[in-house]
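Below: the structure, in structure tokens.
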Amino acid sequence: MAKHSQVKTELKGVHLCCQGCVDAADDALMSVAGVTSHCDMEKGTVALTAGNDVAAQKALDALAAAGFYGRPGNQKLEMKPLSEIPTGKVNSLKVSGIHNCCEPCCEAIKEAIATVSGVTGDTAEPEATTFEVIGNFDAAVLVKALNAAGFSARVE
């Protein structure tokens with residue numbers, strides 16, 4: 001029987017501020033058959049091994065659905081947006097599905113939001129996975145700021 005080559009990648013820049021974050025990321029990845037993973041809270045990385053590219057992409061999709069984002073070290077894999085992102089400026093945007101288990105998570109989310117030009121406020125609170133961002137800002141810039149902080153979310 002021929003041995004299939006495994007796919008390995010390390011996601012960098014994943015928001016893992018506490019054991020709650022690590023547990024949530026682990027739970028998401030354990031839901032994908034044939035994938036093993038290891039979260040490193042100190043480095044903000046998630047190393048994963050999958051039986052093939054399809055399983056590896058499913059693992060990234062599961063991680064994104066759990067509200068996490070990271071930069072894969074494998075060019076065949078990508079963290080995909082969970083929803084269509086409105087083009088241009090918006091006055092309000094509902095964000096949902098983001099991982100936000102504690103005060104440090106919420107602080108990181110608020111810090112990312114604060115980097116977006118034109119934002120005047122948000123309703124993010126610890127443990128809330130849905131909130132609204134208001135102002136006159138570019139929706140894609142907001143999503144990129146959240147991704148850069150290690151978070152994935154749906155926007156409406």
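The values are calculated or read from the model by the stated rules, or taken from the named source; none is laboratory data. Just so we're clear, the structure is a prediction, and the values are computed from it rather than from any experiment. Methodologically, a virtual Cβ is constructed for each residue, glycine included, from the backbone with ideal geometry; neighbour enumeration extends over all protein chains shown.
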Return the residues of the stretch 107-130 that are under 17 Å from the mean Cα position of the chain (by Cα), farther than 15 Å from residue 90 by Cβ and either of a type in the set (Val, Ile, Thr) or surrounded by 13 or more Cβ atoms within 10 Å (Cβ to Cβ) (or both); say none if nothing qualifies.
107, 108, 109, 110, 112, 124, 126, 128, 129, 130
Give just the number: which of (1) in the same structural domain as residue 140 (by TED's automatic domain parsing); (2) in contact with a strand residue (DSSP E or B) (Cβ under 7 Å, 6 or more places away or on another chain); (3) in contact (Cβ under 8 Å) with a residue 60 or more places away in the chain does residue 102 not satisfy?
(2)
Residue selected from the stretch 47-77 under the condition touching a helix residue (DSSP H, G or I) at 6+ places or on another chain (Cβ under 6 Å) and under 20 Å from residue 6 (Cα atoms), by the criterion surrounded by the fewest Cβ atoms within 10 Å (Cβ to Cβ)
76
Can you tell me which residue in the stretch 140-150 is farthest from the chain's Cα centre (by Cα), limited to those that are part of a helix (DSSP H, G or I) and crowded, with 19+ Cβ neighbours inside 10 Å?
142
Kindly evaluate residue 33 against the criterion of being outside the structural domain of residue 134 (by TED's automatic domain parsing) and surrounded by 15 or more Cβ atoms within 10 Å (Cβ to Cβ).
no
Residue within the stretch 122-136 that is part of a helix (DSSP H, G or I) and of a type outside the set (S, T, N, Q) present:
no
